[in-house]
1. Let me spell it out: the conditions are (1) in contact with a Gly (Cβ under 8 Å, 6 or more places away or on another chain); (2) outside any loop (DSSP other than H, G, I, E, B), and B:A39 meets all of them except one. Which number is the exception?
2. Restricting to the stretch B:159-183, and then to whatever is away from ligand 2 (no atom under 16 Å from the Cβ), of a type in the set (D, E) and not in a loop (DSSP other than H, G, I, E, B), can you tell me which residue is surrounded by the fewest Cβ atoms within 10 Å (Cβ to Cβ)?
3. Where in the stretch A:157-270 are there helices (runs of 4 or more DSSP H), lying wholly inside it, with at least 2 residues that are exposed (fewer than 12 other Cβ atoms within 10 Å of the Cβ) and under 19 Å from the mean Cα position of the chain (by Cα)?
4. Only one residue in B:I148, B:I200, B:I176, B:I190 is within 16 Å of ligand 1 (Cβ to nearest atom) and either touching a residue at least 12 places away in the same chain (Cβ under 8 Å) or closer than 27 Å to B:P75 by Cβ (or both), so which one is that?
5. Taking the condition among the aliphatic types (A, V, I, L, M) and not assigned by TED's automatic domain parsing to the domain that holds A:V82, does A:A186 pass?
6. Being among the aliphatic types (A, V, I, L, M), over 17 Å from A:I284 (Cα atoms) and more than 9 Å from chain B (Cβ to nearest Cβ) is the filter here; which residues of the stretch A:198-222 pass it?
7. Kindly indicate whether B:L127 is within 22 Å of B:M158 (Cβ to Cβ) and either away from ligand 2 (no atom under 16 Å from the Cβ) or more than 14 Å from chain A (Cβ to nearest Cβ) (or both).
8. Consider the stretch B:73-103. How many of its residues are among the basic types (K, R) and touching a Phe, Trp or Tyr at 6+ places or on another chain (Cβ under 8 Å)?
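The values are calculated or read from the model by the stated rules, or taken from the named source; none is laboratory data. Just so it is clear, the structure is predicted and the values come from calculations on it, not from any experiment. Don't worry about glycine lacking a Cβ; one is built from the backbone with ideal geometry, like all the others, and counts go over all protein chains shown.
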Amino acid sequence: MNKLYQILYIFKTLLTNIKENYSYFLLTTTTIILTIYMLGLFWLLFENIHSVIDRDHPQKNMSALIKSDVAADAIEKAIATVRKLDEVEEVRSVSKDRAREEFVVHTPQFKKLLRGLSINPFPASLDIVLAKPLERKALKELSRQIKNVGIFEEVMYEGVFLAKYMALIRTIEYVGFLFIAILFIAVIFVVSNTIKLTLYKRKNEIEIMYLVGASRPFIKIPLYIEGCIQSILGALVAIGFLFASYALIIMRLKSIFLFDLFHTSFSFLSFHKIVFLFFLALVIGITSTTLSVNRFLQISR
Amino acid sequence: MIQLYHVSKTYEGNVKALSDINLTVNTGEFVFINGASGAGKTTLLRLLFKAEECSNGQIILDGKNIAKLKESEVPHLRRQVGVVFQDFKLIQDKSVFVNVAFTLTVLGIKSFEIKRRVWEILKKLSLYDKVDEKVNRLSGGEQQRVAIARALVNNPPMILADEPTGNVDWDLSLGIFNLFEELNKSGTTIIVATHDQHIIEQYKKKVIKLSRGRIVNE
Ligand SMILES: Nc1ncnc2c1ncn2[C@@H]1O[C@H](COP(=O)(O)OP(=O)(O)OP(=O)(O)O)[C@@H](O)[C@H]1O
Ligand SMILES: [Mg+2]
């Protein structure tokens, strides 16, 4: 029975604390919201980029775009060179006109548009069929060899963009995670100092509580609960914002038909990851509370 | 029973507040601690509920050396001791009720029981019409009585009162000391620090006289 009344008292204290220091409460919660939101956004972004990157379907086809003013015999020579490569099974030359025709066949909706054009924007190219499907890394190496032949502007295959910028994506990713980690520590610092400010406001009260026989847990528990409430509230709002942002971005992407560029569907963070974001928010709340409370209680004894 | 053996207290900056105090206060005794300002009365009281640690010597409370209490045991000690602080130590922006009830809420007592007890003690100290008033709107003497009420409300076996009548007139002082005497008759140990000679003469109790941190008679 005693415990029940103590718990009731703790909750009453908690509410009073929040009411009396609601600006600090909001400040802390907002900080947590922003942190979790940024973290989630970053995660969402890389999650989806990865769903593209990690799908490494071996490819059997490449297309080497020929520079605009290459003589016919040079093209013939190049075809012969490419054909001799071990990985290559078959090479077919595609003229500028043929490229245009094929495009029209595949996408008839652009027929009119192309007819209005006085020049043919399509380059001549070689369609290359490989002996066996190759993964992205091998494709990149092969495309380099083909490009070395000299007459080619660009060697295309599915995933060429990713193959080229993989290292950059990885670097951005590492920098991003480093940034998030620093942000995380900074936030704990900021939040713990905010909590310390509220404690200083209540310094006198806390001291008196001790002097008349309140135990440490009795004083600490409401502070910890407050930290947890801020964390959970922060995470909840952040994830709400995150979902809204996600929906907006997807809508935008769909409307500018970029959606199918990577032949993939986007997805929101999984349930586990959302739980993990809550966990991170709690880490911020509890660590900050611990830091501030312990340092403060050492001072005020 | 409280026993002090060769207790001294030196504050930071080499301020010697108490030197070589030897003293015994039996359970159920009523003792005055007397002495000029700065003699060390407050310091002596603060040592008894571990608000301050002594620099030398030993303080034994009911057979237990309080220096050896674990930090988690200190709150328990303090709940056994009702302290009237010289500077009251009230939570200024809270009501009289909240301040007085605090020691009871810490113990997890039912709220109607808390109300009853707070009401009772405030009535004894002629304060019941101020129960919902914020402390910072009370006079000095009223605040002092709130501080006394808080110390007495949970019927502790020992009361330490530091100048409990410093801010009230003679009639109220007598009222407060009569209350102390009443509690003392029912077995409560009472230690009062005061420099008020009139009170000391009025009540004829044991007097411990301090001068510059030393006991000069007993
Ligand atoms: N926290 C402290 N830090 C340093 N010195 C202190 C501290 N508290 C008290 N003192 C010093 O210790 C000595 C005794 O102080 P104490 O408060 O015990 O006196 P007192 O007898 O209660 O005086 P008063 O009648 O004025 O209340 C004084 O010289 C005082 O300056
Ligand atoms: Mg004093």
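1. (2)
2. The extreme case among them is B:D171.
3. So the answer is A:160-201, A:216-255.
4. Exactly one residue qualifies, and that residue is B:I200.
5. Yes.
6. Residues satisfying the conditions are A:L199, A:I206, A:I219.
7. Considered against the rule, which asks whether it is within 22 Å of B:M158 (Cβ to Cβ) and either away from ligand 2 (no atom under 16 Å from the Cβ) or more than 14 Å from chain A (Cβ to nearest Cβ) (or both), B:L127 comes out as no.
8. 1
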